[in-house]
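Shown next, in structure tokens, is the structure this report addresses.
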């Protein structure tokens, strides 16, 4: 599995995809945080914080992560290499996990340069400075959110051999997972808190406060496990069709 994981990571790093994704992520966030005069602008924000990054990043990930994952299985199905991959001495679940971890690695790699924003605000701001606890909580939340999107993206990619369809369905699924339950919650007059808790945003917001609640961790792990299992079932469907 580690050989496949290394292959997947090298495949990302040896192609333009990884660098385009990271560049777009940093460019979009950088422009809104430092250049454009919006509510997200750090300089105009009024106090030391990079909250704008954590509000913007999920929506940027909403499109970039499906773009990363759309080829994971769809391209292999289209080119016929999926059969070769699945006949290797690896279980389906190990193949899925290897691709999942490779996607999470790219998410982590794209977040690393944003630490420059955090360090800039921390050392240039006046006391009391940036809320370090909330910032690290937000980073953990963003990493978990990215991992959740990766798992959903892999599932969508396993359903088709068309990368465009995989991308669109992944954007819709991730979008609904992130804000769909909040919209349903609003429609019910804010009376069904359980409905809101089913969405990623509720747990992401909770972690952004700087408190790592086990309920939020369990939610993310359950979400990721669900879509890894669904991806496995989707891949096993090839056996039923024969």
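The values are calculated or read from the model by the stated rules, or taken from the named source; none is laboratory data. Nothing here was measured: the structure is a model prediction, and the numbers come from that model. Please note: Cβ atoms are built from the backbone with ideal geometry, for glycine as well, and neighbour counts cover all protein chains shown.
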> When both residues are 6+ apart or on different chains and their Cβ atoms are under 9 Å apart, which pairs have a first residue that lies in region 113-137 and is on the phi > 0 side of the Ramachandran plot, and a second that is in a helix (DSSP H, G or I)?
Replying inline: 129/121; 129/122; 129/123
>> Here is a check on your reading of the model: is residue 101 modelled with pLDDT of 85 or more, within 14 Å of residue 224 (Cβ to Cβ) and part of a helix (DSSP H, G or I)?
In response: yes
> Taking region 157-176 as the region of interest, how many residues are under 14 Å from the mean Cα position of the chain (by Cα) and either crowded, with 24+ Cβ neighbours inside 10 Å or assigned to a loop (DSSP other than H, G, I, E, B) (or both)?
Replying inline: 2
> Which one is nearest to residue 79 (Cα to Cα) among residues in region 149-178 that are in contact with a helix residue (DSSP H, G or I) (Cβ under 6 Å, 6 or more places away or on another chain) and without any contact (Cβ under 8 Å) to a residue 24 or more places away in the chain?
Replying inline: 169
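Within region 92-101, track down each residue that is under 12 Å from the mean Cα position of the chain (by Cα) and crowded, with 23+ Cβ neighbours inside 10 Å.
100
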>> Just to be sure I understand, how many residues within region 206-242 are at pLDDT 90 or above and within 17 Å of the chain's Cα centre (by Cα)?
In response: 14
> When region 48-82 is examined, which residues are found to be farther than 24 Å from residue 176 by Cα, surrounded by fewer than 19 Cβ atoms within 10 Å (Cβ to Cβ) and either without any contact (Cβ under 8 Å) to a residue 24 or more places away in the chain or touching a helix residue (DSSP H, G or I) at 6+ places or on another chain (Cβ under 7 Å) (or both)?
Replying inline: 48, 75, 79, 80, 81
